[in-house]
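Engineer: I am attaching a structure below and will ask some questions about it afterwards.
All of the numbers you see were taken from the coordinates with simple rules; none came from a lab. Note that the coordinates shown come from a computational prediction; the quantities given were computed from them, not determined experimentally. Backbone-built Cβ (ideal geometry, glycine too); neighbour counts: all protein chains shown.
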Amino acid sequence: MRVRSADIGHLHGLYDDDARCITLHVCLTDYQKRSTLAHEISHATWRDRPTRDRHEHERRERRADADAARTLIHPVDYARAEALVGSDPGALAVELDVSKWVILAWQREARHGRAWTRAQETDAERR
């Protein structure tokens, strides 16, 4: 798998399964790069290819967003950030150094009861 940077117009990132290559827009900030890379790695993991089926495309995008949220945010870190700044997605994104859409994906998955969104602090983590 290759990762490269290029001017890809209005896109932040894209995955090309034939080339096994992720392209990130050259103008992304560090937190945007990290967030977008996690999203595109999900597409690569699932070997997603372009589809004209709008519903399938949207399903894949939601899955990639959720995978990125799970990869980038530990439940304990989310709980601590929420205790500091509240549940506003923009404030949480700044606190956790991710794109706002990563927080929105996390919150959506938490509303659906995904186990990976629940903080399971151990005694050592609480200290």
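Engineer: Please arrange THR45, THR36 by how many other C-beta atoms lie within 10 Å of their C-beta, fewest to most.
Structural biologist: Exposure proxy ranking, most exposed first: THR45, THR36.
Engineer: May I pose another question? Once the Cα gyration tensor of the chain is found, what semi-axes does its equivalent ellipsoid get, as square roots of 5 times the eigenvalues, in whole Å, sorted largest first?
Structural biologist: Those come to 28, 16, 13 Å.
Engineer: Summing Lys, Arg as +1 and Asp, Glu as -1, what charge do residues with Cβ under 15 Å from the Cβ of ILE41 carry, ILE41 excluded?
Structural biologist: +2
Engineer: Oh, and also: Could you pull out every residue, at least 5 positions away or on a different chain, whose amide H is within less than 5 Å of the one on GLY13? Hs are placed 1.01 Å off N in the peptide plane, and Pro or chain starts have none.
Structural biologist: Placed amide hydrogens put HIS25 under 5 Å from GLY13.
Engineer: Could I ask something else about it? Given the options ARG63, ARG20, ARG54, which has the most mean-square fluctuation in a GNM of the chain, springs set between C-alpha atoms less than 10 angstrom apart?
Structural biologist: Of ARG63, ARG20, ARG54, the Gaussian network model singles out ARG54 as fluctuating most.
Engineer: Could I ask something else about it? Net charge around LEU28, counting only other residues with Cβ within less than 12 Å of its Cβ (Lys, Arg = +1; Asp, Glu = -1)?
Structural biologist: Once positives and negatives cancel, what remains is -1.
Engineer: Considering only C-alpha atoms, what is the centroid distance from segment 84-124 to segment 1-58, in Å?
Structural biologist: Spelled out, the Cα-based centre of one part sits 22 Å from the other.
Engineer: Could you derive backbone 3J(HN,Hα) for segment 23-37 from the dihedral phi with the Karplus parameters 6.51, -1.76 and 1.60 (θ = phi - 60°), listing whole Hz in sequence and x where the residue is Gly or Pro?
Structural biologist: These are the phi-based 3J(HN,Hα) values: 10, 10, 4, 5, 9, 6, 6, 4, 5, 5, 4, 4, 5, 5, 4 Hz.
Engineer: Output wanted: per-residue J couplings in Hz (rounded whole) for segment 106-117, from phi through Karplus 6.51 cos²θ - 1.76 cosθ + 1.60, θ = phi - 60°, x for Gly and Pro.
Structural biologist: Each residue of segment 106-117 in turn: 4, 5, 4, 5, 5, 4, 7, x, 4, 4, 5, 8 Hz.
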